[in-house]
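Student: Shown below is the structure under consideration.
No value in this document is a laboratory result; all are computed from the given coordinates. Owing to the predicted nature of the structure, the values given are computational and were not obtained by experimental measurement. Methodologically, a virtual Cβ is constructed for each residue, glycine included, from the backbone with ideal geometry; neighbour enumeration extends over all protein chains shown.
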Amino acid sequence: MDFFTSLMRLLIALAVVFGLLFGLRWYLLRRTASLIAAPACLLRVRERVWLSGRTQAVVLEVGEESFLVCTTDHAVQVAPLSKLPPQLPAESPNPPNFAAHLEHLVTFLRQGGKK
């Protein structure tokens, strides 16, 4: 009986501690979420191009302004851009179906890998 009583006390204590931790987490997340009221979509990456392994060029839109940001291992360069035209939604072309792709692959292999 003594072992069973100790085990039940331990399980109840663990349940209370975890309950308090989750309650505190819920309270803090709810409270900090209301304090953070950043405007949505203020900073947007319009285009990113990797020039080499650790070098990239990024076009950023901050509000109504656009900037070209070039980053390397040791430096960051920022250049303002003139007003860019609005970005049109990308049209997703219909991907080729599996049968057409397989037929193209078989034709390519029959020709000995030559176009």
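Student: Can you give the extra length, in nm with one decimal, that the chain gains between Glu47 and Tyr27 once fully stretched, where that is 0.36 nm per residue apart less the Cα-Cα distance?
Tutor: On the way: separation 20, 0.36 × 20 = 7.20 nm, distance 3.83 nm.
Using 0.36 nm per residue and subtracting the Cα-Cα distance, I get 3.4 nm.
Student: Given labels modelled 7 Å from the Cα in the Cβ direction, how far is it in nm from Val58 to Leu84?
Tutor: About 1.2 nm, to one decimal.
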